[in-house]
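Peer 1: Supplied in C-alpha cells, the structure appears directly below.
The values are calculated or read from the model by the stated rules, or taken from the named source; none is laboratory data. Worth saying up front: this structure is predicted, and the values here are computed from it rather than measured. All Cβ positions, even for glycine, are placed from backbone atoms using ideal geometry, and neighbour counts span all protein chains on display. We work out accessible area using only protein heavy atoms, side chains counted, and drop any ligands, DNA or RNA first. Shrake-Rupley method; radii C 1.70, N 1.55, O 1.52, S 1.80 Å.
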Amino acid sequence: MVSTEQPKQYRVIGSRPIRHDGVDKVTGRAEYGADVRHEGMLFGAVLRSPHAHARIKRIDASKAEALPGVKAVVTSADFPGAEEGDLDLGEGRANPRWLLDNLLASDKALYHGHAVAAVAATDQHTAEDALALIQVDYEVLPAVIDVREAMLDTAPILHPELRTAIRARGVEKPADKPTNLASHLRLEKGDLDKGFAEADVIIEREYETAMFHQGYIEPQNATAFWNRDGEVTVWTSTQGAFSVREQVATICQVPVTRVKVVPMEIGGGFGGKIGIYLEPVAALLSRKSGRPVKLWMTREAVFQATGPTSATYSRVKIGAKRDGTITAAHAYLAYEAGAYPGSPVGAGAQCAFAPYNIPNQVVDGLDVVVNGPKTAAYRAPGAPAAEYAVEAVLNELAEQLEMDPMELRLKNASKEGTTNAAGQPWPRIGAVEVMEAVKNHPHYTSELTGEDVGRGVAMGFWFNGGMESSSSATVNADGKVSLILGSTDIGGTRASLAMQLAETLGITSDDVKPHVVDTDSVGFTAVTGGSRTTFAGGWAAYELGVQIRDRMRERAARIWETAVDKVEYRDDGTIAGPDGKQLSFQELAGKLSATGGMIAVSATVRMNTPGPAYAGHIVDVKVDRDTGKVEILRYTAVQDVGTAIHPSYVEGQIQGGVAQGIGMALTEEYFYDDEGRLRNASFLDYRMPVANDLPMIETVLVEVPNPGHPYGVRGVGEVPIVPPQPAIQQAVYDAIGVRFYKTPMSPRVILEELLPE
Amino acid sequence: MSNRVKTDRIVITATINGEERTFLADERDSLLEALRERIGLTGAKEGCNNGNCGACAVILDGRLVNSCCVMAAEVQGGTVTTVEGLATPEALHPLQQAFLEDAALQCGICTPGFLVAAKALLDHHPRPTEHEARFWLAGNLCRCTGYDKIIRAVLNAADEMSNGR
Ligand code: FES
Ligand code: FES
C-alpha cells in the first residue's frame, strides 16, 4: 500500500477479518430473493412484447384466467395510474408516470421485452403456460434504436408529448414539436474560443460505445403480500429497501408506512437494482389473489428489459500548447436513455474532464429516448463513456506532443483548490498521487517485448456519494454489540461498517454483530450505491460508537461514584477512572443491567463531504492476428481509496470493476436487428469475461484520507470501471498500430481491420 | 380445453448429500427446480437457467453438471452433491474456509456454484495450476470479483488439502 500522508494508527481498520455473513454464504444458507418461500405462495410470470415499438390495441386474458391453477392476471389497466413527478432514487431519478408505464406497458410497447401482462399461478410451469394463452393485438410501429438516428427529424417518435428540456444557457430552444431529444444540458467554464486560439495542437475525435449490461448473476425478483388490512410487504433483492418502498407506495398509491420492504441478500446490482421492475406487479397480483406472489425474471428478460447502460456517441476536442498545457476542451455527449428519459449523461458530463484542470471548457450532454430498455445506473453511471473519449484523445495528444502520457496528465492534473466543470473548487483529492504512483510503478517502467503486444494507460474519476444513512446499536451483556443497518450488503458492507464501529469502540470486528433489517426496523437509509455506503454508513457507525463511549463513561462514573470527566475511554476499549480503577468494555457491559440498564443508541447522518476517487490503470495486451482476440497480459490498477477499511474487499471492488471495464472494452455489447429485437439475450451471447479471459489483477491502494470523514473514507466501488476502455484502446493501438473509435473492440471488429479486403 | 397442459407427478429417489431422499416432482422440473422447490435445498442458484453461468452447479454421480440442464427425472437412483453437502458438522470444507479467508466472494450468488465446481476440480486434479483452474472454472460466471481472489482461494485450498492431510 502506498500511503501518502502520515498514516493514522488503527486497530481494526486496515485488517482483514472474515466477514460476518461469510459462513452463511459459503454453505448455501444465505437467503437471497429467490429463496423466499411462504405458505400458499403463488408463482408469477410476465408476458413481454415481441416488438420494439407497437401500439397495444387489445389484451384478452380470459383464456389464461380460465387455466386451472391460475389465480390472477394483471395488465396496466389494473394500476391506479400515476401522476407526473420526480422520485429521487438515490442514484438516478424517476418520473412515476414513466416508471409505471415501464412496469406494464399501457398504450404502447416501447421496446422488445417490455412487460405487458403478468400472471400468478400455483406453480411456475402453470404460470408460464398461461402466458401463451394471453392474446395481445399489436399494431407494429417503426422503431429507432440508435441515438443519432433518434435525433433526426424523420425518426419515429416514442412519446408524442415529449419536448426537449434545455438545461443550459446559450442553447437555443428547439421548435415546439414532438422529439426524442429529452434534454440538453451544458456545463461551461472560461472562454472556449479563446482557449482553442491559444492551442498549438488540437485533436478532435468521435467515439461510440455499445449498450452494456450490469450482468449481475442473480436475476431480479420480488415476492409481495398485500394483506387484507392493506399492509403490503415486499421481499426483494435490492440495493435500496427504502427506495423500493417509496416506489411501491407511489405506484400502488398506498401510504409509505403501509409498505414494508424486507431486503434479502442481493446477488449483485452494480446500480441495476435501484429501480424496480417487479415489486408493484407482484403486489397487485397478491391483492387480486389474496396470496403471497413471487415474481422472478428469466435471464432473457433481464437482458431485454432491465436497465443496461446507455449506448453513446461522443465527440471530444482538446487543444494544448507545445509544452502540454491544455488550453481548451469541448465534449459533446449523446446518451441513449432507452424508452423513457433519464440517461446518466449529466454525471458523464461532470466527470468528463474532472481529472484535469482545464481553464476553458464546455460539455454538452444530450439525453435521447430510443426503443430500448430504460437505462439504469451502472457502476459510475455515465462516467465510462465520457471519460473514455477524453482519455483516448489525451493519449493521442501525448503521442503528437511526443510526451509521456502520464507526464501530460500530471502537467494538467486537478488538485485541491482547482475548479471543476461546475466552477467549484476541489477538496483534498488524490489525482496527482495516483498519477505519480502509475508513473513510478514497475509495471509502467518495465520493458514490454514481443510481437503484437502493446501497453496503454488511462485515468478515471468518480464523485462518490454521501446522502443519508441510519443505524442503531445495542450493547449486550457479553460485551458484544449488535449493529442494525439499513444498507443492503452487496459485497462486504456488513464487515466494513462493523469494523468502523469496532474501531471507534476499541473492540474487535467479531465483537460487532451486524444485521441488515427491513424498512420498519431502522431509520431511513439511502441506496447502497454511488460508492456512498462505507462513507455514510461508516459515519453513522462512528456516531454510534461515540454515543456508546459517552454512555459507558457515564455508567462507569456512576459505578465509581465519580464525575464523568474523570473517566476516560481509551482507544483499546478500556474505561479508566481515578485511582487506577478500570474496566474492560466487556466487564462494564456485564454490569450494565444491574447498574441502570442496557445501552441502546441510534444515529442518522446526512453528509455531503464524500471524497472523490481517482484511478489510474496500466494494461499490457497481445493481439492475435488470426482470431482478432485481445489477450490481457498484465493489468495494474492504482486507486486513491482514502482509507482502506477492509483491504481485501477494496481490492475485490477494484478487480471486479476492472473486469467489467475489460468486458466493455473487448467483448460485451447488445445486438439489435433491424426491427429492434435484441438478438443476444443470454450469457452465452452477451459475452462477459470468464476466469480464463483474465490474468490476476494487481491493485495498488493509494491512501489519501478524505478529510471529510472521521476515518478518511472515500468510496471505492465505482471508479475502477472507468479507465479500462481507453487504456485498452491505447494498448491495442500500441500493439498493432490501429486506433479503434468504438467499443467493444471485439474479435470481429479487429479482424475486419486486420484482414485484407 | 385444448390448451390445458396436463402434467404428471413423478416420484424420485436419489441420494442427496449423503442422505437418501424420496420426493415428488413435476415431470417438467429440472434438477435445479426439484432441489430448490421440492426438497428445499436452495443453495444451488439460478442465474440463467440455460447452462451458461454455473450458479446451479452440482456433482451428479461424480460429474460436475449444471443442474438447470438436467431433468429431475434423470437423477432417479443417482447421487447428488450440492453446496449444502460440502461442510461436515465439525468443519467447513477447506475450499469454503479458503473462500472466506481470501475474500473470494462479494455478493456471494456465484459462490455455491464455484465451490461445487472447484470441489469437482480438486477431486479430479488435486494440484491444479492457475491456468488449469481458470479453464476448469470458465463455466462459472462471477460478475463481482474479477476472479482473482476466487482463483487464489482455489489454489490455496488445493495447497492446504495436499499438505494438510
Ligand atoms: S442457472 Fe444453471 S447454468 Fe446458469
Ligand atoms: S461474488 Fe457476486 S457474482 Fe461472484
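Peer 1: Using R₀ = 25 Å, calculate the FRET efficiency as 1/(1 + (r/R₀)^6) where r is the Cβ-Cβ separation of residue B:135 and residue B:162; round to 0.05.
Peer 2: That pair, residue B:135 with residue B:162, gives E of 0.80.
Peer 1: Using only the C-alpha atoms of the range A:657-697, find the volume of their convex hull and express it per residue in Å³.
Peer 2: In the range A:657-697, the Cα hull volume divided by residue count equals 69 Å³.
Peer 1: Something else about it: Cross-link candidates for residue A:71: which lysines have Cα within less than 21 Å, leaving aside residues fewer than 8 places away along the same chain?
Peer 2: Correct list for residue A:71: A:63, A:288, A:294, B:6.
Peer 1: Something else now. At a Förster distance of 30 Å, what's the computed FRET efficiency of residue A:175 paired with residue A:107, Cβ-Cβ distance as r, to 0.05?
Peer 2: 0.75
Peer 1: State, as an integer percentage, the relative contact order of the range B:9-85 based on alpha-carbon contacts under 8 Å between residues 6 or more apart.
Peer 2: Value for the range B:9-85: 39 percent.
Peer 1: Another question, if that's okay. May I ask which of A:317/A:439; A:513/B:45; A:194/A:415; A:57/A:260 have a Cα-Cα span longer than 28 Å here?
Peer 2: A:57/A:260
Peer 1: Name the residue farthest towards the positive end of the dipole of the protein assembly as shown from the options B:133, A:727, A:463, assuming +1 on Cβ of Lys and Arg, -1 on Cβ of Asp and Glu, about the Cα centre.
Peer 2: Farthest towards the positive end: A:463.
Peer 1: What dipole magnitude, in Debye to the nearest 20, does the range B:9-85 give about its Cα centre under +1 on Lys/Arg Cβ and -1 on Asp/Glu Cβ?
Peer 2: 80 debye
Peer 1: Here's a follow-up. Accessible area per residue, 1.4 Å probe, Å², for the range B:94-162: what's the number?
Peer 2: 30 Å²
Peer 1: I've got another one for you. Under 13 Å from a label point 7 Å along Cα→Cβ of residue B:71: give me every residue in the range B:20-34 with its amide N that close.
Peer 2: Residues passing the 13 Å test: B:26-31.
Peer 1: Still on this structure, I have one more. Going by the alpha-carbon gyration tensor, a ≥ b ≥ c the square roots of its eigenvalues, is chain A rounded (a/c under 1.5) or, if a/c is not under 1.5, prolate (a/b greater than b/c) versus oblate?
Peer 2: Since a/c reaches 1.5 but b/c is at least a/b, the shape of chain A is classed as oblate.
Peer 1: Could you work out what % of the accessible surface of chain A is carbon and sulfur, using a 1.4 angstrom probe and leaving DNA, RNA and ligands out of the count? It would help to have the intermediate numbers written out before the result.
Peer 2: On the way: 12290 of 26330 Å².
Carbon and sulfur together cover 47 percent of it.
Peer 1: If you find the alpha carbon centre of the range A:677-703 and of the range B:96-125, how far apart are they in angstrom?
Peer 2: Spelled out, the Cα-based centre of one part sits 18 Å from the other.
Peer 1: Testing the spin-label approximation: label points 7 Å from Cα along Cα→Cβ at residue A:11 and residue A:194. State their distance in nm.
Peer 2: Output for this residue pair reads 5.7 nm.
Peer 1: So, R0 is 30 Å and r is the distance between the beta-carbons of residue A:576 and residue A:602; what FRET efficiency does that work out to, to 0.05?
Peer 2: E between residue A:576 and residue A:602, to the nearest 0.05, is 0.65.
Peer 1: Here's a follow-up. With every protein chain left in place and a probe of 1.4 Å, what is the accessible surface of residue A:480, to the nearest 10 Å²?
Peer 2: Rounded to the nearest 10, that gives 80 Å².
Peer 1: Sticking with this structure for a sec: If Lys and Arg each add +1 and Asp and Glu each add -1, what is the summed charge of the other residues whose beta carbon sits under 11 Å from the beta carbon of residue B:107?
Peer 2: My count for the surroundings of residue B:107 gives 0.
Peer 1: Among DSSP beta bridges whose residues both lie in chain B, state the antiparallel percentage, nearest 5.
Peer 2: Values: 15 of 17 bridges.
Bridges in chain B are about 90 percent antiparallel.
Peer 1: What share of all Cα pairs of the range A:197-249, in percent, falls into each consecutive 10 Å distance bin?
Peer 2: 15, 28, 18, 12, 12, 10, 4, 1
Peer 1: Now a separate question. If amide hydrogens are placed 1.01 Å from N in the peptide plane, which non-local residues have theirs closer than 5 Å to the one on residue A:712?
Peer 2: A:706
Peer 1: Which value, in Å² and to the nearest 10, is the accessible area of residue A:631 when all protein chains are kept and the probe is 1.4 Å?
Peer 2: Accessible surface of residue A:631 is approximately 90 Å².
Peer 1: For the full complex of protein chains and a 1.4 angstrom probe, list A:733, A:711 by accessible area with the highest value first.
Peer 2: Greatest to least solvent exposure: A:733, A:711.
Peer 1: Next up: Give me the distance in nm between label points sitting 7 Å out from Cα along the Cα-to-Cβ direction at residue A:256 and residue A:63, one decimal.
Peer 2: The answer from the label model is 4.5 nm.
Peer 1: Need one value: the accessible area of residue A:426 in square angstrom, 1.4 angstrom probe, rounded to the nearest 10.
Peer 2: Accessible area, nearest 10 Å²: 20 Å².
Peer 1: Tell me, what is the per residue accessible area of the range A:114-181 in Å², probe radius 1.4 Å?
Peer 2: Result: 51 Å² per residue.
Peer 1: Would you calculate, for the protein assembly as shown, the mean residue ellipticity at 222 nm contributed by helices, counting each DSSP H stretch of 4 or more residues as -39,500 (n - 2.57) and dividing by all residues, to the nearest 500? Spell out each step's value before the answer.
Peer 2: Numbers: 24 runs with 243 residues, N = 922.
Using -39500 (n - 2.57) per qualifying helix, the result is -8000 deg cm²/dmol.
Peer 1: From the convex hull of the Cα coordinates of the range A:65-152, what is the mean projected area in square nanometres?
Peer 2: So the mean shadow area of the Cα hull is 8.3 nm².
Peer 1: So, one more: Hydropathy first: keep DSSP H helices in chain A averaging at least -1.0 on Kyte-Doolittle, then drop any whose Cα extent along the axis falls short of 27 Å, and list what survives. Before the final figure, lay out the partial values.
Peer 2: Details: long enough: A:538-560 (32 Å, -0.62); A:647-666 (28 Å, 0.35).
Once both thresholds are applied, what remains is A:538-560, A:647-666.
Peer 1: Whole-Hz Karplus ³J(HN,Hα) for the range A:513-521, in order, using 6.51 cos²θ - 1.76 cosθ + 1.60 and θ = phi - 60°, x for Gly and Pro?
Peer 2: Running phi through 6.51 cos²θ - 1.76 cosθ + 1.60 with θ = phi - 60° gives 10, x, 10, 9, 10, 7, 5, 8, 10 Hz.
Peer 1: Can you give the relative contact order of chain A as a percent, counting alpha carbon pairs under 8 Å and 6+ residues apart? Mind showing how you got there, number by number?
Peer 2: Details: 1985 pairs, mean separation 118.8, N = 757.
Once divided by the residue count of chain A, the mean separation gives 16 percent.
Peer 1: Sticking with this one: Cross-link partners among aspartates and glutamates for residue A:189, C-alpha distance below 13 Å, same-chain residues fewer than 8 apart left out?
Peer 2: Those aspartates and glutamates meeting the cut-off are A:364.
Peer 1: Going toward the positive end of the dipole of chain A, with +1 on Lys and Arg Cβ and -1 on Asp and Glu Cβ, which of A:612, A:27, A:217 do you reach last?
Peer 2: A:27
Peer 1: Given a 1.4 Å probe and every protein chain left where it sits, what share in percent of the accessible area of the range B:94-162 is carbon and sulfur? Could you put the intermediate results ahead of the total?
Peer 2: Details: 1050 of 2070 Å².
Roughly 51 percent of what the probe reaches on the range B:94-162 is carbon or sulfur.
Peer 1: Measuring from a point 7 Å past the Cα of residue A:165 along Cα-to-C-beta, which residues in the range A:394-428 have an amide N at less than 20 Å?
Peer 2: Those under the cut-off are A:422.
Peer 1: To the nearest 20 Debye, how big is the dipole of chain A about its Cα centre, given +1 on the beta carbon of each Lys and Arg and -1 on that of each Asp and Glu?
Peer 2: Once rounded to the nearest 20, the dipole reads 1780 debye.
Peer 1: Placing +1 at every Lys and Arg Cβ and -1 at every Asp and Glu Cβ, with all other atoms neutral, what dipole size does the range B:94-162 have around its Cα centre, in debye to the nearest 20?
Peer 2: With Lys and Arg at +1 and Asp and Glu at -1, about 220 debye.
Peer 1: ³J(HN,Hα) across the range A:296-312 via Karplus (A = 6.51, B = -1.76, C = 1.60, θ = phi - 60°), whole Hz, x for Gly/Pro?
Peer 2: Coupling constants for the range A:296-312: 9, 8, 6, 4, 4, 5, 4, 5, 5, 10, 9, x, x, 9, 4, 6, 9 Hz.
Peer 1: How large are Rg and Dmax for the range B:94-162 when only the alpha carbon atoms are used, in Å?
Peer 2: My reading of the Cα-based Rg and Dmax gives 10.4, 30 Å.
Peer 1: Probe radius 1.4 Å, ligands and nucleic acids left out: can you give me the accessible area buried at the A-B interface, summed over both chains, in Å² to the nearest hundred?
Peer 2: Using a 1.4 Å probe on protein heavy atoms, the buried area is about 4700 Å².
Peer 1: For the charge dipole of chain A, defined by +1 on Lys and Arg C-beta atoms and -1 on Asp and Glu C-beta atoms about the Cα centroid, which residue among A:689, A:539, A:560 has the Cα displaced farthest towards the positive pole?
Peer 2: Highest projection toward the positive end goes to A:560.
Peer 1: Extending each Cα 7 Å along its Cβ direction at residue A:520 and residue A:609, get the distance between those two points in nm, one decimal.
Peer 2: Reported label-point gap for residue A:520 and residue A:609 is 3.8 nm.
Peer 1: State the antiparallel share, in %, of DSSP beta bridges confined to the protein assembly as shown, rounding to the nearest 5. The partial results should precede the final answer.
Peer 2: Working: 112 of 150 bridges.
So the antiparallel bridges in the protein assembly as shown amount to around 75 percent.
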